[in-house]
1. Taking the Cα atoms only, what angle lies between the long axis of helix 219-230 and the longest principal axis of the chain, rounded to 10 degrees?
2. Quick check on the exposure proxy: order 199, 60 from fewest to most C-beta atoms within 10 angstrom.
3. So for 262, 272, 49, fewest C-beta neighbours within 10 Å to most, what's the order?
4. Of the beta bridges DSSP finds with both residues in the chain, what % are antiparallel, to the nearest 5?
5. Could you calculate the contour length gain from residue 358 to residue 268, that is, 0.36 nm times the residue separation minus the distance between their Cα atoms, to one decimal place in nm?
6. On a 0 to 90° scale, report how tilted helix 2-11 is relative to the longest principal axis of the chain, with both axes built from alpha carbons and the result rounded to the nearest 10.
7. Hey, any idea what Rg/Rh is for segment 246-367, computing Rh the Kirkwood way over Cα pairs?
8. Distance from a point 7 Å along Cα→Cβ of residue 214 to each backbone N in segment 177-198: keep the residues under 15 Å and list them by number.
């Protein structure tokens with residue numbers, strides 16, 4: 001019933017849409033509203049839409065939108081750094097490239113795209129009413145999950161993240177090289193934030209019955225140092241997943257990778273199990289933001305697509321294990337978004353923007 005009510009509220013968002021600009025475009029802010037029919041007409045008159053996105057599944061959402069409204073939709077998939085660089089360059093050169101962007105790497109997206117005005121969020125009052133406050137500005141479209149995942153042929157006995165830093169786990173924990181993955185580096189940055197450093201310090205004492213002796217600025221840095229000493233760095237979540245889950249291994253392996261890899265575990269004959277309820281976290285969650293570009297040639301089509309993307313129809317191609325809509329969650333996940341928020345480290349773009357450099361230097365020295 002709750003899910004049905006949420007969907008109905010989201011669908012009502014098409015009733016009031018704003019044409020005017022501003023940091024947050026809404027009927028009350030802009031002072032100019034149009035009907036859904038008027039917005040569709042204006043979007044169709046523009047005739048086309050160009051999107052930059054982080055995932056190949058964006059093309060599937062684009063196809064649904066094009067079939068529904070008859071607006072030619074061009075979708076380009078770009079990596080984190082390439083996307084930020086391209087959007088920035090196009091804005092500075094006053095070149096019309098993308099109309100709408102879906103991007104990750106929260107600290108850089110916030111400071112380099114939204115704070116500069118190169119991207120502007122679009123959110124109606126109706127949508128604002130159902131998007132949780134922490135995911136509203138900038139507007140979060142998707143929340144991706146990476147968790148500690150174990151080979152399940154042996155019982156998973158790790159309940160505290162500090163156990164993965166013990167000598168017994170040397171070369172048995174795998175993760176993607178943070179030098180090649182912004183969200184992985186952002187996870188490490190978040191661990192140095194006082195609230196997470198304090199949680200790690202308490203987790204250490206809970207496990208070992210003694211205080212953590214620091215050789216670094218705080219327990220977050222200390223955990224990073226200890227984990228990296230045990231870790232095997234991989235190039236992709238897919239190869240790490242397959243290495244961890246291969247059956248018949250003498251020693252249990254673990255990895256930190258996206259949980260959507262469990263969707264193909266059966267077909268690949270892999271033995272995998274998420275480390276749920278680990279202390280003080282089971283992994284991390286990172287946001288995908290969406291915004292309309294400064295030089296958009298098709299702003300009405302971009303607004304219409306934004307509304308469409310947050311409906312159940314538009315979310316369907318994205319609705320997989322590991323991807324969570326901030327209002328619809330994930331129909332494939334047995335755990336709720338609320339559960340994950342309590343058990344994962346979530347990116348704080350302001351903290352990451354302020355401290356990414358120093359933590360990155362620390363991590364690079366360890367590698």
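1. Computed tilt is about 70 degrees.
2. Values: 199 19, 60 14.
Least crowded to most crowded, the residues run 60, 199.
3. Starting with the residue having the fewest Cβ neighbours, the order is 262, 272, 49.
4. Details: 26 of 46 bridges.
Looking only at bridges with both residues in the chain, the antiparallel portion is about 55 percent.
5. Values: separation 90, 0.36 × 90 = 32.40 nm, distance 3.98 nm.
Full extension from residue 358 to residue 268 adds 28.4 nm.
6. So the helix axis and the longest Cα principal axis differ by about 40 degrees.
7. On the way: Rg = 18.6 Å, Rh = 17.8 Å.
With Rg and the Kirkwood Rh in hand, the quotient comes to 1.04.
8. Within reach of a label on residue 214: 191-198.
Every number in this text was worked out from the coordinates using simple rules, so none of it is lab data. In this text the structure is predicted, and so the values were computed from the model without any measurement. No Cβ is skipped: glycine too gets one built from the backbone with ideal geometry, and neighbour counts run over all protein chains shown.
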